[in-house]
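A short write-up of the structure that comes next.
Any read-out appearing in this document is the output of simple, stated calculations on the displayed coordinates, not a laboratory observation. What you see is a predicted model, and the numbers here were worked out from it, not measured in a lab. Here the Cβ positions follow ideal geometry from the backbone for every residue, glycine too, while neighbour counts run over all protein chains shown.
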Amino acid sequence: MSAQPGGQEPGLLPPPATTATGTRSLRTATPQARESALTTALARFGAGEGARPDTPDGWVTAVRVVPPVEAQYAPWPEVLDPRLRRALEARGVAQLYSHQAAAASLALSGHNVVITTPTASGKTLCYNAPVLSTVLADPASRALYLFPTKALAQDQLAELHELASHVNAAAGTEIGVFTYDGDTPQDARRAIRSRAHVVLSNADMVHAGILPHHPKWAKLFENLRFVVIDELHAYRGVFGSHLANVLRRLQRVCRHYGSDPLFICSSATIANPRELAERLVERPFELVSESGAPRGEKLFLFVNPPVVNRELGIRRSYLTEARRVAGEFLRRQLQVIVFAQSRLATEILTTYLKEDFEGPAGTPETVRGYRGGYLPLRRREIERGLRSGQVRAVVATNALELGIDIGSLDVAVMAGYPGTIASTWQRAGRAGRREGRSAAVLVASSAPLDQFVVRTPSYFFDASPEHALVNPDNLHILLDHIKCAAFELPFAAGERFGREDVQEILQLLAEERFVHFVEDAAGGQWNWTSESYPADAVSLRSVSSDNFVVIDTTRGADVIGETDFTSALSTLHEKAIYIVEGQLFQVERLDFEGRKAYVRAVDCDYYTDAITYTRVTVLDVFESEPVPRMPAGAEETAPLSATALATRSHGDVRVVSRVVGFKKIRFYTNENVGSGELDLPEQQMHTTAYWLTLSRALMATLPYGMEERRDGVIGLSYAMRQVAQLLLMCDRQDIGISIGAGEEGTAGAGAVPAELDEPRIFVYDAYPGGIGFSEPLFGMHDELVARTRELIAGCPCEHGCPGCVGPIGEIGPAAKPVALLILDRLARPTV
Amino acid sequence: MSARLESRLREILRARRGDGAGTPPDGGDRVPSNGAASLPARHPTVVRTSPDAPLRAAAEALQGTVIERAGGACLLVERFYPADHPHGLLRVADAGGPALSAAPELALLGGRPEPDPASARGLLFIDLETTGLAGGAGTYAFLVGCAVLERHGLRIRQLLLPGYQHERTLLAEVEALVRDTAGLVSYNGKTFDVPVLETRFQYNRLCPPFDGVGHVDMVHPARRFWRGAAPAGAWPDGDSCRLSVLERALFGVRRLGDVPGFEIPARYFDFMRSGNAAPLEPVLEHNRLDLISLALLTARAVRLLAGAPASCESARESLAAGRFLERAGNVDAAERCYRDAAARAYVERRPDGAQIRAEALRALALRCRRDRRHHEAADAWRGIVLDRNAPAAIRREALEALAIHFEHRARDLPQARRYAQLSLAERVGTRAMQQGRHRLARLDRKLERGRGADTPGQPLLPEQG
């Protein structure tokens, strides 16, 4: 990593002047020139000297200056092996930042540590130092590193390998550092198992490749001293719930081999890093959260695209606006990263920027796209281009949010609010140098969440970031991992799995003949009695393990990408437009059974957007309570059903969804230029939901007609979804919404029942079994109502817009007042 | 467990079964209902009598003995097959007795490390039955079958694991057997049996005893010698080199009531649940038959190599013997084998005859060229070119070799040009085409010059090939 000037790890002395030539010359020539280019560009946004208060025109809604921070150093921890210290000093690390020293001391004195410090603050040394120090002191020691992606492991390997070779050269040791993942050649695996002191891997490999084969890894497990989990915040929702169970299995295997490793985790800034670490590892943690790394000044701007049609509440397209914003920086030779919200938006923006800034075909590609689904070689090439400065702009999804080394860039432009405070800071951190200014610009889309954030900057700048939620006890996930664990080692009678008492689940698995109980002197054990290799049937990324490959048949048959099962039906249906780096493909055939989509390159001016219908059925109510709560005494005088205006509930539901058609949408103008019907299979799942039931009495008090009331409920649900997403720190696709009249709810344009007598608004977990959103949302009901009201009331549109109750044209003009009226009734008891 | 939780769990398990995401647990449904094999075991039956009782019962059912050691127990079933015991059309005596262990040809079969021919101890034929094919910590070797050739017959010892908790005892027995051998012989054991056992040793935190022990895995020689020995299409899975297929094709063995491989783990799981060992008897018998076939197969390969090509009965056997002999440096015997194979393949008129003939002629040509017998090599290459059915890749190679031969060695430019032209016509890939055109152009230039002024003495650059 330190070989790249741009990726210089803080904590190291500044590179000698000679390195400022070569690849670096491709970047903006001097820091001064860059500084003035940045100032000029920012001036174009009315940001002036950077300290101006919020601009009144509503276009730039916030300008905040994140002040520069001086480095905080700390003395070398005494417990650190002096040979490591000498090797670090020889590499130019004169002293440690305070957080590095604190993390190393804690870990070396037997504590589990979680570190939350900003991007590029030298966090890798926080775990590399204690690990290498321990290996130096006892060469038998082993460590296992987990990264959320293979790419990150490769990236870290380069850095750790270099540090280890310095240590080896200086101390005459043979510390082996290897990655072990799906790409590791079969013939190298045996050697790695015996020679690696530090194994860099990922959760999937540990789950399916290492734990089931633990006897082959006996040396690692017998001597495992540290488990390092990088980018801990990436493990939330489904992935996190799986990881917690993988870690239960890991710790079980360690106990078998008599080891008891410590855990060192690093995380982006979230509200509950320690809680998340403790939930995932089920052990107590110490938190290190004060970064000692220096930071240059950063300007943070919020841009709200101007309203172009006040009547309809339509703003200028945020993609167009992001294109313009990125252009201001790009044309001043600044290096820019643009984050888009979806793969589609990534491709659209890449197309736009290529058009604006790239020469004719054949000239070097200075604008690149980057997202999941690109093949690894293409990704590595783009990363190299960014580090060398050859690539001037990259348009990426969150795939580049994690710590892949791309050097530090001048400006980060976010096209659309990333969905959470934590990941917004993470993305903003992609721009920034240790000295000199950098900028981050958030361009809001017309989605309600974006509108809420840009109109209420204090929510973002002053509130704590979100909580990361996981549900390790999701029955689907738990059951899968109990099978895997039973395969690895027989469960003893009375043995627990993490916090769980699993004897009853094992009893059921015995009925299904997966395991068999044998009594012995020690009380007995559950033996695995199945031929299967259970880990193969479990994917950590989803509750089902399928994916689709995309095959380009224009010339021959090349695999050009892949898509997970859940989104395949909505993105790879026949006639769908599939986009890779601006190149358009049309799906010619979807082989559902074979999990393949055959595409052919096309030249057209539209993309497609699928229309999905959803139906929700309540299976089981866990908790239910009238809202708002009646004043004391009222409950006694009137029966519940008569007084309750509404009811909040959470419980188990069944969700059935089907992609019924698609719209063709023209690039640039976003006009709807056609549509098509589709006949695709239904997808069913059993999950959990929170729902709000509006009583007949409440609906009756609304001075509006039937249709207007219906519009109001639809508008209300539209806004509620956004706020729920905000409160839950989840991605848009993590939750679904549905409206129903009786026991059932439906969603999708035109699918809402015409008569809503006693409507219910469902917010459901979009994963089988649920990942723990419903109960917290039930608990946050009051805040959900209050924030939704704030969102709708604060919107300047006249009759509803995409920023509050949904685009006019899809709902009637009464939606906004009706929704507000309902929220008023819900907020205040009417006694 | 609450009724709701239980019903949710049942629903999830049902759904898993339905969507095929999980393999059916142990193939319980596939066990045919021939009495004891499919005992209903809906609930774990815990045997509360003395722990010895079921063990003794199992030993009785399988006519074995109980070995107690290292705090556990395992079952030993020992059988002796006398020399005249029939196995298909052969007899156990055809395995050659203890002398097989000392046969120098064993080393040619590719055992690394090689079995020790000087060892006073014999070869150990080994074959496992396991609880699955996936490998990993949850795949157990529940039956370890071992066979040793003795003066008057074949002795088979089978170690049966009475329960997972007894594994260390079984492994101690395996270790004793492995330590006391000149080398192992297995069928696919390098890929499967030994790694599974290694995992079992490591799982029990014991050191696997296989390092430095000679090991001949017969699956590789068998593919060389006998792929296609069984009629094509006769085996639904298309693997004509399964041991059971070979024994039938080569030795005329017909197994009656043999338990199919996929059923074996389920029978063991049933035994674990019920304690009834009787349904395991066919599994043990299956394992014993595999071991006898393995011993006979090994003996046959050794005999083939010792007397090749006279000992060979098919073109493929001759070809394979030639390759093994050539690799071992016995080039004269190898060459005789290649000639024999080419001739036989022509006569045999089997579907893969052309392929085998071409391969044999190619091996012969390369052999001759290495000895600088270029005219003999050219004859062999020509044999390939003349065969209309020779595989395209080998034909291309032959045409090119002939073009080179006539250009540089025989100095017959018109012939060289003819082969170069034929070769160009059959080339694939732009690079190869380009090279072909270069050669043709050069030959044309030479021919042109030859017409004007003959330049025979001109030094020609020797070409690769």
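Quick rundown of the values:
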{"read-out": "All lysines inside 25 Å of A:Lys216 as judged from Cα atoms, apart from same-chain residues fewer than 8 positions distant", "value": "A:Lys150, A:Lys483, B:Lys190"}
{"read-out": "Pairwise centroid distance, computed over Cα atoms, of region B:271-311 with region A:415-440, Å", "value": "68 Å"}
{"read-out": "Disulfide-incompatible cysteines by the Cβ rule (no partner under 4.7 Å) in chain A", "value": "A:Cys126, A:Cys254, A:Cys265, A:Cys484, A:Cys604, A:Cys730"}
{"read-out": "Extension gain from A:Tyr704 to A:Asp462, taking 0.36 nm per residue of separation minus the Cα-Cα distance", "value": "83.2 nm"}
{"read-out": "Net lengthening on full extension, A:Glu358/A:Glu78 (0.36 nm per residue, minus Cα-Cα)", "value": "95.4 nm"}
{"read-out": "Estimated inter-spin distance, B:Ala392 and B:His438, nm [label 7 Å along Cα→Cβ]", "value": "2.4 nm"}
{"read-out": "Cα centroid separation - region A:514-531 against region A:254-323, whole Å", "value": "44 Å"}
{"read-out": "Between region A:165-182 and region A:689-705, the alpha-carbon center distance in angstrom", "value": "66 Å"}
{"read-out": "Mean separation of Cα contacts under 8 Å (6+ apart) over length of region A:483-571, as relative contact order %", "value": "21 percent"}
{"read-out": "Rel. contact order, % - alpha carbon contacts under 8 angstrom, at least six apart, region A:77-231", "value": "28 percent"}
{"read-out": "Helical mean residue ellipticity (222 nm; -39500 (n - 2.57) per DSSP H run of 4+; nearest 500) of chain A", "value": "-10000 deg cm²/dmol"}
{"read-out": "Projected label distance in nm at A:Phe592 and B:Asp352, using a 7 Å step from Cα toward the beta-carbon", "value": "4.2 nm"}
{"read-out": "Three-way shape call for the protein assembly as shown based on the alpha-carbon gyration tensor, with the a/c threshold at 1.5", "value": "prolate"}
{"read-out": "Share, in percent, of DSSP beta bridges within the protein assembly as shown that are antiparallel, nearest 5", "value": "65 percent"}
{"read-out": "All aspartates and glutamates inside 19 Å of A:Lys663 as judged from Cα atoms, apart from same-chain residues fewer than 8 positions distant", "value": "A:Glu347, A:Glu574, A:Glu588, A:Asp603, A:Asp605, A:Asp609, A:Glu671, A:Glu677, A:Asp679, A:Glu810"}
{"read-out": "Residues with amide H under 5 Å from that of A:Leu645, placed H, sequence gap 5 or more", "value": "A:Val627"}
{"read-out": "Exposure proxy ranking, count of Cβ atoms within 10 Å, fewest first, for A:Met706, A:Met780, B:Met272", "value": "A:Met706, A:Met780, B:Met272"}
{"read-out": "Added length on full extension, which subtracts the Cα-Cα distance from 0.36 nm per residue, A:Ala170 to A:Glu500", "value": "114.0 nm"}
{"read-out": "Within straight-line cross-link reach of A:Lys664, lysines at Cα separation under 17 Å, skipping those fewer than 8 residues along the same chain", "value": "A:Lys575"}
{"read-out": "Relative contact order (percent, whole number), chain A, Cα cutoff 8 Å, 6+ residue spacing", "value": "12 percent"}
